[in-house]
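Student: Below is a structure I'd like to ask you about.
The values are calculated or read from the model by the stated rules, or taken from the named source; none is laboratory data. All of these numbers come straight from a predicted model, not from anything done at the bench. Virtual Cβ from ideal backbone geometry, glycine too; neighbours counted across all protein chains shown.
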Amino acid sequence: MSTAITNDATRNIGVLIFGRKRPGFDQEWNKTIRERVLATLKELGFSCHGAAAPVLDDESIHTAMDEIENTKCQALIVIQPSLTDGQFALTISQRWSGPVILWATPERPGDGKVSSCSLVGQHLWASLYRQAHQPFEFVYGDPDTVHSDLLRAIALVSTVKRLQRAKLGVVGTHVPGFIDLAADTFLIRQAFGMQMQSLSLPQFIERVNNVPAEAIERDLAEVHKMHLVDTTSKKPAADSLLGVNSRFYVSMKELMNETGLDALSLQCWPELPNMVGQWPYFAVSRLGAEGAAVSIEGDVDGAISSLIGKFLGIGPGFLTDWLEHDASTIFFWHPGMAPLDMCNAIGSEDGPTLGEHFNIAKPMVVDGSLQKDQPVTISRLWRCDNRYHMTAFEGRAIPSKRSVSGNTLLVEVDGGHVPQRFDRLIHAGLPHHVLLHYGRHAETLRRLARLLSLDWHL
């Protein structure tokens, strides 16, 4: 379980560092900054492409961009150690479809004169990009002190690029009555660049029922290593029950691999428990702990939200109902599919166990509260008025006031005023599912919403 921005699968980055053809500013300082910038990026684990030599004009920009495109970089950083021509901003925007990171570096300290005007130059470019509708992230600081801001910017812009090439599958549709979870294929394409593929629920059920026995045995061997017990008996669950959920687990993994899916949304009821004899929630819980973006109840936007969390490096999170609230806390609950790594330790007093669904009393759901005494981010991406919207706010997981089957978490919201926030959000169309992540990520998600031109709500 991650509580910090990482750089999942984002090691190749494009870096354009501007020099100057004509005299001006402190070119020795320019050289010093170039060397320190590249040393910092290498220290952070990145391979820099396009930065072998300073870019000076359109020709050198295009040469560097050819290398950046050929190496399939997912982030582009532009640095002006000395003020350069604003026209080059438009040259770059013609070659790069995603957001750009503008990194402004400091003046040489203590020499009594202006050495670079780097911040001025990047301010100019930011103004140009805003008017050109070119999304960007801005980083300002010395290479030795800017690591966290730089890592966040790289995670953000690479997430946008990866979403543009991502593929989402939905098995069936939203479950009966949950019309607020309905998906719009072309709005998803317009907002994120993603493609959505509709998949047959009957064919998925057929796949589940026909998983080879040897695949089930291999998966059962892995499940046995978890040492999970039955909620009621406190004894290991029978293989006859675990094997059915192994069918779900194997089927979802194979389906995602075969169709090249980055995320999957599953219509889970009423068909699956009635026709297969079990809920798929234990399998979903396992996949979530492995970092897979899988949603239930046909919540396509929930799957996109989980994929965003995966790409940002904060994990797919827990898709849950906002069950109840008071002035300062929210009680979150869903019937047993939280990622196992968000639950308490297996075997502990509050650890996860395997039980039956509270409503349709069939296995196999995960019972157990989530980890407390940690910061939590509550977020949601949703469609309303033919646009996408996003919210994120923070709090702290605290001991629950009562025990409920399934997965639960009580969160004390920063600043309180929960009923007022709820009222604002439901009038903006907030669906009944939200996503929980451990850690404080609201500012990162706000910046992502800005990069994607989503409507932001508090």
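Student: Considering each residue of the stretch 82-111, count those that are within 22 Å of Thr145 (Cβ to Cβ), in contact (Cβ under 8 Å) with a residue 60 or more places away in the chain and either assigned by TED's automatic domain parsing to the domain that holds Arg447 or within 32 Å of the chain's Cα centre (by Cα) (or both), and give that number.
Tutor: Qualifying residue count, the stretch 82-111: 2.
Student: I need the full set of residues from the stretch 417-458 which are within 25 Å of Lys372 (Cα to Cα), among the hydrophobic types (A, V, I, L, M, F, W, C) and in a loop (DSSP other than H, G, I, E, B), in order please.
Tutor: Within the stretch 417-458, Leu458 is the sole residue that qualifies.
Student: If you don't mind, there's one more thing I want to ask. Go through the stretch 401-438 and report how many residues are closer than 20 Å to Leu454 by Cβ and acidic (Asp, Glu).
Tutor: 0
Student: For the stretch 54-64, what are the residues that are touching a residue at least 12 places away in the same chain (Cβ under 8 Å) and either more than 17 Å from Trp103 (Cβ to Cβ) or in contact with a Leu (Cβ under 8 Å, 6 or more places away or on another chain) (or both)?
Tutor: Within the stretch 54-64, Val55, Leu56, Asp57, Asp58, Ile61, His62, Ala64 qualify.
Student: Quick one: which of Phe178, Phe204, Phe186 is under 27 Å from Cys268 (Cα atoms) and modelled with pLDDT under 95?
Tutor: The match here is Phe178.
Student: Also, I was wondering about something else. Would a scan of the stretch 180-195 turn up a residue that is aromatic (Phe, Trp, Tyr), closer than 18 Å to Ser306 by Cβ, surrounded by 14 or more Cβ atoms within 10 Å (Cβ to Cβ) and in contact with a Lys or Arg (Cβ under 7 Å, 6 or more places away or on another chain)?
Tutor: no
Student: Another question, then. Kindly indicate whether any position in the stretch 323-340 is surrounded by 24 or more Cβ atoms within 10 Å (Cβ to Cβ), small (Gly, Ala, Ser) and either within 28 Å of Asp230 (Cα to Cα) or in the same structural domain as Leu199 (by TED's automatic domain parsing) (or both).
Tutor: Yes: one or more hits.
Student: Return the residues of the stretch 225-239 that are outside any loop (DSSP other than H, G, I, E, B) and either under 30 Å from the mean Cα position of the chain (by Cα) or hydrophobic (A, V, I, L, M, F, W, C) (or both); say none if nothing qualifies.
Tutor: The answer is Val229, and nothing else.
Student: Quick check on the stretch 321-358: of everything there that is of a type in the set (Asp, Glu) and closer than 27 Å to Pro419 by Cα, which residue is nearest to the chain's Cα centre (by Cα)?
Tutor: Ranking the qualifying residues of the stretch 321-358, first place goes to Asp321.
Student: Out of Ala449, Ala428, I need the residue that is surrounded by 19 or more Cβ atoms within 10 Å (Cβ to Cβ), small (Gly, Ala, Ser) and in contact (Cβ under 8 Å) with a residue 24 or more places away in the chain. Which one?
Tutor: Testing whether each residue is surrounded by 19 or more Cβ atoms within 10 Å (Cβ to Cβ), small (Gly, Ala, Ser) and in contact (Cβ under 8 Å) with a residue 24 or more places away in the chain leaves just Ala449.
Student: Which of the numbered conditions does Thr63 fail, given that it passes all the others? Conditions: (1) more than 26 Å from the chain's Cα centre (by Cα); (2) polar (S, T, N, Q); (3) surrounded by 21 or more Cβ atoms within 10 Å (Cβ to Cβ).
Tutor: Status for Thr63: all satisfied but (3).
Student: Quickly run through the stretch 95-141 and pick out the residues that are modelled with pLDDT of 95 or more and of a type in the set (Val, Ile, Thr).
Tutor: Scanning the stretch 95-141 gives Val100, Ile101, Thr105, Val120, Val139.
Student: Being of a type in the set (A, V, I, L, M), out of contact with any helix residue (DSSP H, G or I) (no Cβ under 6 Å at 6 or more places or on another chain) and within 17 Å of Phe332 (Cβ to Cβ) is the filter here, so list the residues in the stretch 418-456 that pass it.
Tutor: Val418, Leu425, Ile426, Leu430, Val434, Leu436, Ala442
Student: I would also like to ask the following. Could you list, ordered by first residue, the pairs with Cβ atoms under 7 Å in which the first is in the stretch 350-363 and of a type in the set (Ser, Thr, Tyr) and the second is surrounded by fewer than 21 Cβ atoms within 10 Å (Cβ to Cβ), at least 6 apart or interchain?
Tutor: Taking only residues 6 or more apart or on different chains, the pairs are Thr353/Val229; Thr353/Asp230; Thr353/Thr231.
Student: Go through the residues of the stretch 394-416 one by one and say whether even a single one is in a helix (DSSP H, G or I), assigned by TED's automatic domain parsing to the domain that holds Asp373 and either touching a Gly at 6+ places or on another chain (Cβ under 6 Å) or more than 23 Å from Phe136 (Cα to Cα) (or both).
Tutor: There is no residue in the stretch 394-416 that is in a helix (DSSP H, G or I), assigned by TED's automatic domain parsing to the domain that holds Asp373 and either touching a Gly at 6+ places or on another chain (Cβ under 6 Å) or more than 23 Å from Phe136 (Cα to Cα) (or both).
Student: Please state which of the following conditions Leu150 fails to meet, knowing it meets all the rest: (1) in a helix (DSSP H, G or I); (2) among the hydrophobic types (A, V, I, L, M, F, W, C); (3) within 25 Å of Gly429 (Cβ to Cβ).
Tutor: Among (1) in a helix (DSSP H, G or I); (2) among the hydrophobic types (A, V, I, L, M, F, W, C); (3) within 25 Å of Gly429 (Cβ to Cβ), Leu150 violates only (3).
Student: Listed residues Val208, Val175; which is of a type in the set (A, V, I, L, M, F, W, C), in the same structural domain as Asp385 (by TED's automatic domain parsing), more than 19 Å from the chain's Cα centre (by Cα) and outside any helix (DSSP H, G or I)?
Tutor: Val175
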